[in-house]
Amino acid sequence: MPTQEKKQETKPTFYLTTPIYYVNARPHLGHTYTTVAADTLARWKRMRGYDVLFLTGTDEHGQKIERSAAKAGKTPQEFAAEVSSEFRGLWDRMGLTYDDYIRTTEPRHKRGVQHLFSEMQKRGFIYKGTYSGQYCVSDELYVEGPPGTPCPDCGRITETVSEENYFFKLSAFERKLLEHYEQHPDFIRPEARRNEVVSFVQGGLRDLSISRTSFNWGIPVPGDEKHVIYVWMDALANYITALGYGSEDPAQRANFEKYWPSDVQLLGKEISRFHCVYWPAFLMAAGLPLPKSFMVHGWLLFEQSKMSKSRGNIVRAETVLDVLGADALRYFLLRDVTFGQDGSFSFDALVQRYNADLANGYGNLVSRTLAMIAKYFDGVVPEPRRFLLENPDSPDTSDPDPWPVSFTVFAYCKMQISVIGAHLDALRFSEALSESSALMAAVDSYLTNMTPWNFAAWRGRPDLPVEKLEKFRAEILYCAAESIRIITALVYPVIPEAATKVWRQLGLGDIAKADLKDLKWGDLPPGTKLGELSAVFPRAEKEAIERMQKMEEDRQSQTSADQEAASEQAALRQAKTSGPAEQPPPPHVPEPFSATGLSPEQEADAVAQQADANRQESAVSAVSDPLPPPQPLVEPVTPAVPPEPKIGIEDFAKVELRVAIVRVAERVPKADRLLRLEVDLGYEQRQIVAGIAGAYTPESLIGRKVVIVANLAPRKLRGLESNGMIVAASVGEKGKPVLAGFLEDVEIGARLK
């Protein structure tokens with residue numbers, strides 16, 4: 001008899017996206033808020049059995065990036081790559097579970113954008129013309145009005161632009177868009193944002209310029225490369241180019257056919273017009289399906305203003321991560337801010353919420369329950385009455401003696417599973433966490449009222465035998481532990497690190513591998529041995545607020561100093577290329593920069609002092625009288641430089657170079673130029689102290705492959721043992737370290753020969 005193959009279960013798909021973040025500035029809490037919300041939804045949907053694709057990334061083209069790069073003294077590609085790595089490094093540090101990270105400078109994106117442009121052009125929705133009018137470089141937005149008109153979004157004065165452009169027939173889609181909004185009321189949520197978009201379209205749509213010729217940092221128009229495609233058309237297309245749209249390879253297009261249209265696209269309210277008007281119109285013009293829904297959230301306010309680089313009120317996620325950890329930040333952002341509305345952030349509010357809900361609430365409930373199981377039942381989950389496991393809907397009333405009111409706890413847990421689940425499905429994160437807090441409080445109250453630690457005169461029945469009281473205690477603690485299991489599963493998408501820890505303490509292994517699709521009461525097996533117990537959320541004191549405020553002030557000061565230095569360097573370069581003849585270099589030749597962090601501290605300080613001196617000399621020469629320097633009376637004699645001694649192949653063979661990946665990176669206290677790294681060689685992990693803090697932030701290094709000298713004798717620096725050396729090039733007059741890397745994917749631990 002032939003065997004029948006088991007039919008593989010097909011999971012329903014769920015595709016969600018964040019906006020891709022513009023690389024004109026480093027990530028702040030506003031970016032973190034959107035991405036944490038997306039990560040929470042992705043985790044929840046995976047938990048419920050969906051095949052999830054979660055996309056994020058960075059938007060790297062446009063005039064603003066070109067200008068920002070010039071101001072920083074970098075090429076647009078260098079500038080974009082550096083800031084994009086900041087975003088990705090932060091998301092990886094926070095453990096966000098994105099499935100793909102798209103950069104608009106990638107070949108797959110360029111190919112897809114050009115294909116989209118060609119499709120719309122072929123269908124007759126693109127024509128050539130001339131644009132004369134106002135343009136906001138900051139928001140990459142065309143603005144109607146005379147010269148001097150302020151941008152309606154950011155308030156900056158617009159620039160007058162007159163250039164040949166390609167235009168998109170946006171006006172042809174006014175009626176179609178309004179019909180779609182009416183037929184799909186959940187296409188844009190919440191309702192307030194939907195009403196704004198509908199009102200905008202009802203006011204009339206004009207054709208949209210979709211190319212520029214006044215700069216070249218962008219994707220060229222196919223067949224007419226003096227034009228670059230409008231940055232918003234370029235950026236919006238990422239949602240399909242990441243899926244393989246535009247590729248001729250069926251394997252690369254497979255994700256597009258599988259996941260498009262998207263289920264939810266998350267975005268901030270300031271970009272709702274681009275996403276909810278332009279993007280659907282582009283898709284209609286190309287004959288492609290529209291997204292199923294857009295979820296538009298409000299702003300995260302700090303000091304009553306939207307966080308932005310221009311306002312100087314940015315709060316970085318790293319500040320909170322360094323003091324309270326990722327779960328505390330995730331919980332606050334989703335608990336205290338109603339998704340879709342504006343919300344406020346402050347360090348005081350963060351610590352207050354952390355202590356109330358996480359330390360005193362969830363953490364305390366877990367700690368007291370599991371500690372009592374460890375004390376009274378040798379760390380083994382006790383057994384309640386059988387009905388609570390087999391048929392909890394029918395309470396056992398056959399025993400005339402009083403029993404704990406376990407049925408009430410079970411009924412509330414059962415109700416909250418569906419209530420909290422419905423809130424998470426609808427992206428009502430704040431409401432979901434409010435309900436989970438209520439459940440924690442109910443279980444905590446159950447424990448307090450039942451007093452399993454003190455049965456001396458339990459409920460007025462001192463005559464009850466000890467054996468029965470022990471059964472009472474077993475049931476109370478089982479019900480509390482089972483409630484914790486359910487609560488932990490429900491909050492896992494929001495606080496994954498803590499939930500993973502608690503799941504292990506319950507003796508249930510790895511929560512990421514658990515089947516939580518059908519969460520129900522009674523699935524905690526009696527007899528389960530608890531894992532090692534430890535505190536989940538230690539209480540935060542007032543000192544935590546002060547530390548975060550100080551760290552943020554220091555970071556803001558460092559950012560300002562970096563911007564000042566970058567502007568100074570750019571000005572010097574400009575003076576050298578367009579100004580008078582160069583001043584002769586100073587007679588001093590600086591020492592080469594050591595990127596290893598293994599040289600003595602005095603050497604590092606000497607290099608830093610010389611770099612500062614060089615900057616001061618350059619600054620003086622840049623602002624002094626721009627006349628050619630007086631010619632020397634005697635031709636200077638260049639001293640002979642002794643040749644570097646050669647080494648043999650046998651000497652080089654002694655150096656063991658290996659590929660490693662950075663797992664941990666953090667600054668060394670009171671050492672501005674040093675980073676402490678933990679690198680993984682595949683066969684071992686080791687600590688290296690490197691003097692590269694001036695060129696790389698810790699978060700940009702996490703997950704990066706580097707080359708290390710693996711057989712260098714250990715040395716101590718600032719009290720830390722450094723076991724190896726990072727290989728880097730010394731670039732430019734000031735010896736900026738640039739880490740060695742690879743174009744191809746190289747296995748960690750591989751030896752370089």
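The values are calculated or read from the model by the stated rules, or taken from the named source; none is laboratory data. If you're wondering where the values come from, they're calculated on a predicted model, not measured in any experiment. So basically every Cβ, Gly included, is an ideal-geometry build from the backbone, and we count neighbours across all protein chains shown. Each accessible area value is taken on the protein alone, full model and side chains, heavy atoms only, with ligands, DNA and RNA left out. Shrake-Rupley method; radii C 1.70, N 1.55, O 1.52, S 1.80 Å.
Per-structure values
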| quantity | calculated |
| --- | --- |
| Subset tally (residues that are assigned to a loop (DSSP other than H, G, I, E, B), buried (at least 21 other Cβ atoms within 10 Å of the Cβ) and not aliphatic (A, V, I, L, M)) for region 335-381 | 2 |
| Among (1) in a loop (DSSP other than H, G, I, E, B); (2) open to solvent by less than 40 Å² (accessible area, probe 1.4 Å), the one test that PHE79 misses | (1) |
| Residue match in region 428-450 (condition: part of a loop (DSSP other than H, G, I, E, B), among the aliphatic types (A, V, I, L, M) and surrounded by 15 or more Cβ atoms within 10 Å (Cβ to Cβ)) | no |
| Members of region 324-336 found to be out of contact with any Leu (no Cβ under 9 Å at 6 or more places or on another chain) and either charged (D, E, K, R) or at pLDDT below 95 (or both), listed by number | ARG330 |
| Every residue from region 162-189 that is assigned to a strand (DSSP E or B) and closer than 21 Å to GLY133 by Cβ | SER162, GLU163, GLU164, ASN165, TYR166, PHE167, PHE168 |
| Single residue of region 153-184 satisfying the filter (touching an Asp or Glu at 6+ places or on another chain (Cβ under 9 Å) and at pLDDT below 85) that is farthest from LYS269 (Cα to Cα) | ARG156 |
| Subset tally (residues that are in a loop (DSSP other than H, G, I, E, B) and loosely packed, with under 12 Cβ neighbours inside 10 Å) for region 510-524 | 5 |
| Filtered residues of region 15-58 (kept if among the polar types (S, T, N, Q), within 22 Å of ALA422 (Cα to Cα) and outside any helix (DSSP H, G or I)) | THR17, THR18 |
| Candidates GLU470, GLU431, GLU475, GLU435, filtered to the one that is touching a Pro at 6+ places or on another chain (Cβ under 7 Å) and among the acidic types (Asp, Glu) | GLU475 |
| Complete set of residues in region 82-123 that are open to solvent by 50 Å² or more (accessible area, probe 1.4 Å) and polar (S, T, N, Q) | GLN121 |
| Helices (runs of 4 or more DSSP H) completely within region 231-306 that count 1 or more residues being within 25 Å of the chain's Cα centre (by Cα) and farther than 23 Å from VAL201 by Cβ | 238-241, 250-259 |
| Residue check for VAL197: β-branched (Val, Ile, Thr), surrounded by 15 or more Cβ atoms within 10 Å (Cβ to Cβ) and in a strand (DSSP E or B) | no |
| Considering residues of region 124-140 that are touching a Phe, Trp or Tyr at 6+ places or on another chain (Cβ under 7 Å) and within 15 Å of PHE168 (Cα to Cα) only, the residue most open to solvent (accessible area, probe 1.4 Å) | LYS128 |
| Neighbours by Cβ (under 8 Å, 6+ apart or cross-chain): first from region 11-28, modelled with pLDDT of 95 or more; second assigned to a loop (DSSP other than H, G, I, E, B) and hydroxyl-bearing (Ser, Thr, Tyr) | PRO12/TYR50; THR13/TYR50; PHE14/TYR50; TYR15/SER262; LEU16/SER262; THR17/SER262; ILE20/THR104 |
| Count - residues of region 145-189 that are over 23 Å from PHE117 (Cβ atoms), in contact (Cβ under 8 Å) with a residue 24 or more places away in the chain and of a type in the set (Asp, Glu) | 3 |
| In region 126-161, the residues that are more than 38 Å from the chain's Cα centre (by Cα) and part of a strand (DSSP E or B) | TYR127, LYS128, GLY129, THR130, SER132 |
| Enumeration of residues in region 676-692 that are in contact (Cβ under 8 Å) with a residue 12 or more places away in the chain and open to solvent by 10 Å² or more (accessible area, probe 1.4 Å) | ARG676, GLU678, ASP680, GLY682, TYR683, GLN685, ARG686, GLN687 |
| Any hit, region 475-485, residues being part of a loop (DSSP other than H, G, I, E, B) and either crowded, with 19+ Cβ neighbours inside 10 Å or out of contact with any helix residue (DSSP H, G or I) (no Cβ under 9 Å at 6 or more places or on another chain) (or both) | no |
| For SER199: the one exception among (1) within 26 Å of the chain's Cα centre (by Cα); (2) farther than 23 Å from LYS110 by Cβ | (1) |
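Let's see how each residue does on (1) modelled with pLDDT of 95 or more; (2) under 30 Å from LEU424 (Cβ atoms); (3) aromatic (Phe, Trp, Tyr):
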{"site": "THR40", "(1), (2), (3)": "yes, yes, no"}
{"site": "ASP51", "(1), (2), (3)": "yes, yes, no"}
{"site": "THR58", "(1), (2), (3)": "yes, yes, no"}
{"site": "GLY73", "(1), (2), (3)": "no, no, no"}
{"site": "PHE87", "(1), (2), (3)": "yes, yes, yes"}
{"site": "ASP92", "(1), (2), (3)": "yes, yes, no"}
{"site": "GLY95", "(1), (2), (3)": "yes, yes, no"}
